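What follows is a set of notes on a single structure, which appears directly below.
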Amino acid sequence: MAMTDVLSAEDIKKAVGAFSAAESFNYKKFFEMVGLKKKSPEDVKKVFHILDKDRSGFIEEDELKFVLKGFTPDGRDLSDKETKALLAAGDKDGDGKIGADEFATMVAES
């Protein structure tokens, strides 16, 4: 499954482009711009599974660094600071990774 099966290619391009500058990533604005906030819980879970590259059932810190590339191949890598901020926002139970329910909560709260 591709990200464009769930989200519009135009929205993805706009959202990723809006955060192309280093240290500019804001997950709340990004989820809204990309259209994820308006999606059903099933669609949010589909996006989670696309971002979970190693199919572990979690999005770990090394996968978060490449979250924008998960939406489009020409997205930039997040900085270490941005990656850690995103992890801190989503990791509600403190286990160092984001599960599907934590991801859904993070999107809903954005």
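Quick notes on this one:
- Enumeration of residues in the stretch 46-68 that are open to solvent by less than 50 Å² (accessible area, probe 1.4 Å) and assigned to a helix (DSSP H, G or I): VAL47, PHE48, ILE50, LEU51, GLU63, LEU64, VAL67, LEU68
- Selection of the stretch 90-105 for residues being more than 19 Å from MET3 (Cβ to Cβ), in contact (Cβ under 8 Å) with a residue 24 or more places away in the chain and surrounded by 14 or more Cβ atoms within 10 Å (Cβ to Cβ) yields LYS97, GLY99.
- Restricting attention to the stretch 69-89, the residues that are of a type in the set (Gly, Ala, Ser), part of a helix (DSSP H, G or I) and surrounded by 13 or more Cβ atoms within 10 Å (Cβ to Cβ) total 3.
- Failed criterion for LYS14 (all others in (1) under 13 Å from LEU68 (Cβ atoms); (2) touching a residue at least 40 places away in the same chain (Cβ under 8 Å); (3) not aliphatic (A, V, I, L, M); (4) not in a loop (DSSP other than H, G, I, E, B) hold): (2)
- Unique match (being over 13 Å from the mean Cα position of the chain (by Cα), at pLDDT below 95, of a type outside the set (Lys, Arg) and open to solvent by 70 Å² or more (accessible area, probe 1.4 Å)) among GLU109, GLU23: GLU109
- All conditions but one from (1) under 13 Å from the mean Cα position of the chain (by Cα); (2) open to solvent by 80 Å² or more (accessible area, probe 1.4 Å) apply to GLU42; the one that does not is (1).
- Verdict on ALA15 being exposed (fewer than 12 other Cβ atoms within 10 Å of the Cβ) and among the small types (Gly, Ala, Ser): no
The values are calculated or read from the model by the stated rules, or taken from the named source; none is laboratory data. What you see is a predicted model; the values in this text were computed from it and never measured. We place every Cβ from the backbone using ideal geometry, glycine too, and count neighbours over all the protein chains shown. Surface areas here come from the heavy atoms of the whole protein model, side chains and all, with no ligands, DNA or RNA. Shrake-Rupley method; radii C 1.70, N 1.55, O 1.52, S 1.80 Å.
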